[in-house]
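Peer 1: Provided herewith is a single structure, encoded as structure tokens, for subsequent inquiry.
The values are calculated or read from the model by the stated rules, or taken from the named source; none is laboratory data. On a predicted model such as this, the values are computed, not experimentally measured, just so you know. Here the Cβ positions follow ideal geometry from the backbone for every residue, glycine too, while neighbour counts run over all protein chains shown. Calculation scope for accessible area: heavy atoms of the full protein, side chains included, ligands and nucleic acids excluded. Shrake-Rupley method; radii C 1.70, N 1.55, O 1.52, S 1.80 Å.
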Amino acid sequence: MEAEPIAMPHSPQAAAARAGDGAAPLPRAEFEARLRGESTRYHIHHPFHVMMAEGRLTPAQLRGWVANRFYYQISIPLKDAAILANCPDREIRREWIRRILDHDGWDVGGVADPGGIEAWIRLGEAVGLAREEITSLRRVAPAARFAVDAYVNFARQRPWEEAVASSLTELFAPHIHQQRIDTWPQVYPWVDPAGLQYFRKRLTQARRDVDHGLRFTLDHFSQTRALQERALEILQFKLDVLWALADAIMLDQCEIEIRGARA
Ligand SMILES: O=C(O)c1cc(C(=O)O)c2c(n1)C(=O)C(=O)c1cc(C(=O)O)[nH]c1-2
């Protein structure tokens, strides 16, 4: 007897199968609403982020999050460079290249912005980490690396249009940045508020990025219903990356506490 073919969860074939043969594309507004509806699976709902927002993390746990998340910060420009490398469309590249400058920083004729990676290091210092402790990556847990690397590899290996769609979790990011700006001064008064500058800057940068990424995704993936399903599946993949990253960070903090208790 022939074995049933196994459907891989994150594949264009699986998306086409879910859409059903010949199903009409969803109207643009409905497609957008489906993408936005994925917010229920955003990492803002992860227990570690819920604890963070409620002020229930210890200083060591908050430091652990910042040190681990640094690996995401330094990987974002690699991911965006992979998109540029795969994209033959000059107009898209002109827009996309700003994302790399946002994180790496720039200096043109003496006018400079140190960029998001530097701002994240300053956030680390504001929570009590030494610069070297962050930049050496020695606090990054193996599973956190795996989660982030899955995102970079996706952008390297998949068509650039799919990698653009995978950035759309940023639709939901301004909410979580705003939440930190609003709650940290009350619940973590020991954190130097100057360190929150990263989140303040991302509020405008994320909105600009999402305007562009969403417009592109709605245009490109609306041609067929199967493509729309594929875009939704890609967004779910990226939500899984962020969820897995939060899992990895939470477990890392548990391991550190267990080691400390046994020492
Ligand atoms: O703090 C967060 O919860 C969060 C989430 C995300 C996201 O949703 O991917 C990004 C960021 N921050 C962020 O700061 C950032 O620069 C960023 C870039 C991207 C991306 O996929 O290109 N996501 C995110």
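Peer 1: Tell me the residue from VAL148, VAL164, VAL152 that is under 15 Å from VAL66 (Cα atoms), assigned to a helix (DSSP H, G or I) and either under 16 Å from the mean Cα position of the chain (by Cα) or within 10 Å of the ligand (Cβ to nearest atom) (or both), please.
Peer 2: None of the other options fit; the residue is VAL148.
Peer 1: Checking the condition touching a helix residue (DSSP H, G or I) at 6+ places or on another chain (Cβ under 6 Å), in a helix (DSSP H, G or I) and away from the ligand (no atom under 11 Å from the Cβ), which residue from ILE181, ILE117 passes?
Peer 2: Of the residues listed, the single one that is touching a helix residue (DSSP H, G or I) at 6+ places or on another chain (Cβ under 6 Å), in a helix (DSSP H, G or I) and away from the ligand (no atom under 11 Å from the Cβ) is ILE181.
Peer 1: Let me ask something else about it. Specify which of the listed residues (ALA126, ALA82, ALA130) is among the small types (Gly, Ala, Ser), open to solvent by 20 Å² or more (accessible area, probe 1.4 Å) and on the phi < 0 side of the Ramachandran plot.
Peer 2: ALA130
Peer 1: Is it the case that the range 55-63 has a residue that's more than 24 Å from TYR198 (Cα to Cα), modelled with pLDDT of 95 or more and hydroxyl-bearing (Ser, Thr, Tyr)?
Peer 2: no
Peer 1: Sticking with this one: Does GLN186 meet the test of being at pLDDT 95 or above, under 21 Å from TRP243 (Cβ atoms), polar (S, T, N, Q) and open to solvent by 10 Å² or more (accessible area, probe 1.4 Å)?
Peer 2: no
Peer 1: So for the range 214-230 (the condition being open to solvent by 30 Å² or more (accessible area, probe 1.4 Å) and either closer than 15 Å to LEU171 by Cβ or within 11 Å of the ligand (Cβ to nearest atom) (or both)), does at least one residue qualify?
Peer 2: There is at least one residue in the range 214-230 that is open to solvent by 30 Å² or more (accessible area, probe 1.4 Å) and either closer than 15 Å to LEU171 by Cβ or within 11 Å of the ligand (Cβ to nearest atom) (or both).
Peer 1: Would you confirm, using the coordinates I've provided, whether LEU137 is at positive phi and not in a helix (DSSP H, G or I)?
Peer 2: Values: at positive phi: yes; not in a helix (DSSP H, G or I): yes.
So LEU137 fits the description; yes.
Peer 1: Ok, one more. Name the helices (runs of 4 or more DSSP H) wholly within the range 28-105 that hold at least 2 residues that are free of Cβ contacts under 8 Å to residues at least 12 places away in the same chain?
Peer 2: Those helices (runs of 4 or more DSSP H) span 28-37, 47-53, 90-104.
Peer 1: Let me ask something additional. For the range 61-70, check the following and say yes or no: at least one residue is within 15 Å of the ligand (Cβ to nearest atom) and open to solvent by 30 Å² or more (accessible area, probe 1.4 Å).
Peer 2: No, the conditions are met nowhere in the range 61-70.
Peer 1: Could you say which residue among LEU239, LEU203, LEU245, LEU196 is within 15 Å of the ligand (Cβ to nearest atom), touching an Asp or Glu at 6+ places or on another chain (Cβ under 9 Å) and in a helix (DSSP H, G or I)?
Peer 2: Unique residue meeting the criteria: LEU239.
Peer 1: Is the range 161-179 home to any residue that is more than 20 Å from LYS238 (Cβ to Cβ), open to solvent by less than 40 Å² (accessible area, probe 1.4 Å) and free of Cβ contacts under 8 Å to residues at least 40 places away in the same chain?
Peer 2: Checked against the condition, which is being more than 20 Å from LYS238 (Cβ to Cβ), open to solvent by less than 40 Å² (accessible area, probe 1.4 Å) and free of Cβ contacts under 8 Å to residues at least 40 places away in the same chain, the range 161-179 yields no hits at all.
Peer 1: Hey, can you tell me all the residues within the range 72-111 that are more than 11 Å from the ligand (Cβ to nearest atom) and aromatic (Phe, Trp, Tyr)?
Peer 2: Residue satisfying the conditions is TRP106 alone.
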